[in-house]
1. Is it the case that some residue within the stretch 98-114 is within 16 Å of A13 (Cα to Cα) and not aromatic (F, W, Y)?
2. Looking at A109, is it closer than 24 Å to R24 by Cβ, within 13 Å of the ligand (Cβ to nearest atom) and modelled with pLDDT of 95 or more?
3. So which of T139, T188, T156 is within 10 Å of the ligand (Cβ to nearest atom), among the hydroxyl-bearing types (S, T, Y) and at pLDDT below 95?
4. Quick one: T173 ticks every box in (1) polar (S, T, N, Q); (2) under 17 Å from the mean Cα position of the chain (by Cα); (3) surrounded by fewer than 21 Cβ atoms within 10 Å (Cβ to Cβ) bar one, so which box is it?
5. Tally up the residues in the stretch 29-69 that are near the ligand (Cβ under 10 Å from one of its atoms) and buried (at least 21 other Cβ atoms within 10 Å of the Cβ), please.
6. Could you name every one of the helices (runs of 4 or more DSSP H) located completely within the stretch 133-240 that has at least 2 residues being under 23 Å from D85 (Cβ atoms)?
7. Could you tell me whether the stretch 109-126 includes any residue that is of a type outside the set (S, T, Y), closer than 18 Å to L194 by Cα and either over 16 Å from the mean Cα position of the chain (by Cα) or not in a helix (DSSP H, G or I) (or both)?
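The values are calculated or read from the model by the stated rules, or taken from the named source; none is laboratory data. Small disclaimer: the values here were computed from a predicted structure and weren't measured. No Cβ is skipped: glycine too gets one built from the backbone with ideal geometry, and neighbour counts run over all protein chains shown.
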Amino acid sequence: MQLSGKIALVTGATTGIGRATAERFIEDGVTALIITGQDQARLKTARAELAEHGVPVTAICWRADTPTDSVALAERVMAEHGRLDVVFANAGVTWPAPLGQIEAEAAQAQFMVNVIGPLLLVQALSPLFSEGSSVILNTSCLNVLGMPGMAVYSATKAALRSVARTLSVELGTRGIRINSVAPGPIETPIYSKLGMSEADFAEMGQGIIAQVPAGRFDKSSEIAAAVAFLASDGSSYMRGAEMPVDGGWSSL
Ligand SMILES: NC(=O)c1ccc[n+]([C@@H]2O[C@H](COP(=O)([O-])OP(=O)(O)OC[C@H]3O[C@@H](n4cnc5c(N)ncnc54)[C@H](OP(=O)(O)O)[C@@H]3O)[C@@H](O)[C@H]2O)c1
């Protein structure tokens with residue numbers, strides 16, 4: 001199994017892509033799994049369900065916009081595991097706002113959750129990384145596309161891709177690899193958090209599918225498969241790369 005012997009952390013593993021990746025990491029043989037979420041009830045349920053597979057699962061409440069949470073998380077992982085081999089910094093938010101409706105505070109908050117939070121987390125965890133560790137950041141294919149209403153969100157994801165490149169150089173001397181996965185559209189709870197009506201959401205979905213060469217939404221499991229590869233030693237020559245998993249949306 002491609003992840004056997006590895007200790008892995010997945011942020012935002014209560015739902016969506018993070019949850020699917022946590023399941024995939026277990027299938028691929030991780031020795032121990034640490035998951036985060038911010039909602040205590042969802043976190044408890046996710047931990048209990050994942051632990052049914054027989055792998056030790058630690059659930060930690062972590063908020064990307066609270067820097068002390070990253071320090072506390074790193075201290076706990078150090079105390080309980082002593083090292084970390086894989087990090088999937090997945091947690092993020094999508095708060096669309098078209099030009100005319102962009103507010104500074106909300107834009108800064110989105111940058112905090114999607115960029116600064118993951119960066120401070122990797123910083124806090126970096127002393128724990130073993131040689132050959134792999135860190136994967138979850139960006140988005142929208143960081144190279146122009147989608148109305150997504151100026152701030154897409155910019156956060158472009159910034160995160162840049163973070164992967166800089167950290168690749170800073171941590172590369174220790175044999176630590178940082179890459180990104182750039183998903184296309186996936187039907188996860190993130191859309192129900194947009195505050196759209198079902199009819200508006202269905203219309204938006206059809207509009208997106210019409211632009212995606214694969215002619216459908218991604219599945220969370222398809223992102224999880226790519227992340228598992230980036231986490232594994234099979235991707236040992238990949239550094240600072242962004243892997244699009246978007247049905248060809250960004251490239252065809
Ligand atoms: N869905 C897509 O089409 C798509 C496409 C490209 C990229 N992405 C990216 O994929 C990642 C996961 O998205 P998803 O679609 O799987 O969404 P999701 O189902 O809404 O999951 C988001 C996860 O992040 C956690 N989270 C949200 N805000 C957080 C915060 N401030 N601090 C810490 N954790 C927080 C949530 O925890 P709680 O449940 O506890 O709130 C949840 O576990 C995001 O970075 C998103 O930008 C998604």
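1. yes
2. Here the answer is no, as A109 does not meet what is asked.
3. Answer to the selection: T188.
4. Every listed condition holds for T173 apart from (2).
5. 6
6. 151-172, 220-231
7. yes
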